[in-house]
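First the structure, in the form of structure tokens, and then the observations on it.
Derivation of every value follows stated rules applied to the coordinates shown; laboratory data play no part. All of these numbers come straight from a predicted model, not from anything done at the bench. So basically every Cβ, Gly included, is an ideal-geometry build from the backbone, and we count neighbours across all protein chains shown.
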Amino acid sequence: MHFEYNIIESDFANAGKASSEIKKTMKQLNIDAQKIKRMVVAVYEAEVNAIAHAFGGTIFVDIDSEKICVLIKDSGPGIENIELAMQKGYSTASAKVREMGFGAGMGLPNIKNNVDDLDIKSEVGVGTEIKMVVNFI
């Protein structure tokens, strides 16, 4: 199964829409509840990051009998230092984003803690790709 979802820059009203749709699909496929929770948390965090920090993007979802793979591609400023960005509490969120309750610097650490495989590629001035996998077996 393959799905795609668009992410719109600064569209906080729809933050979580893609992760909710993914959750619904995984439930319909009778995937273990803990696996669903882990992927939904990871996708939500990545979705919010793309909304808050990038200029939009796309979420690509592939589900087969063994795993779910989610790729988030954004066209944003990119991440200068991925190792630093992975540290809890590190954030480049604007004051406006922080006022809305986002930008606490937990997005990437939460993603890492909830997936079996994580690959982040980023180029400053171009954008970021985050590939996440949760295995079912």
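Details
- Per-residue ³J(HN,Hα) for the stretch 66-77, Karplus 6.51 cos²θ - 1.76 cosθ + 1.60, θ = phi - 60°, Hz, x for Gly and Pro: 10, 6, 10, 10, 10, 10, 10, 10, 10, 10, x, x
- In order along the stretch 54-60, the phi-based Karplus estimate (6.51 cos²θ - 1.76 cosθ + 1.60, θ = phi - 60°) of 3J(HN,Hα) comes to 10, 9, x, x, 9, 10, 10 Hz; Gly and Pro are listed as x.
- Cut-off under 5 Å, modelled amide H: who pairs with residue 67 long-range: 136
- Per-peptide average of other Cβ atoms within 10 Å, ordering 13-19, 59-65 highest first: 13-19, 59-65
- Arranged from fewest to most other beta-carbon atoms within 10 Å of their beta carbon, 11, 117 become 117, 11.
- Distances between placed amide hydrogens fall under 5 Å for residue 56 paired with 9, 75, all partners being 5 or more residues away or on another chain.
- This ranking places 102, 12 by how few other beta-carbon atoms lie within 10 Å of each, fewest first, which gives 12, 102.
- Along its three principal directions, the equivalent ellipsoid of the stretch 2-135 from the Cα gyration tensor extends over semi-axes of 23, 15, 14 Å, largest first.
- Residue 62-residue 121 FRET efficiency (beta carbon distance; Förster radius 25 Å; 0.05 resolution): 0.90
- Sorted ascending by nearby beta carbons within 10 Å, beginning with the fewest, 2, 53 become 2, 53.
- Remark: spin-label model distance residue 29-residue 12 equals 3.2 nm, labels positioned 7 Å along the Cα→Cβ axis.
- The string of couplings for the stretch 80-86 from the Karplus curve (6.51, -1.76, 1.60, θ = phi - 60°) is 5, 9, 4, 4, 5, 5, 7 Hz, one whole number per residue in order, with x for Gly and Pro.
- Contour minus Cα-Cα distance for residue 92 and residue 129 (0.36 nm per residue): 11.6 nm
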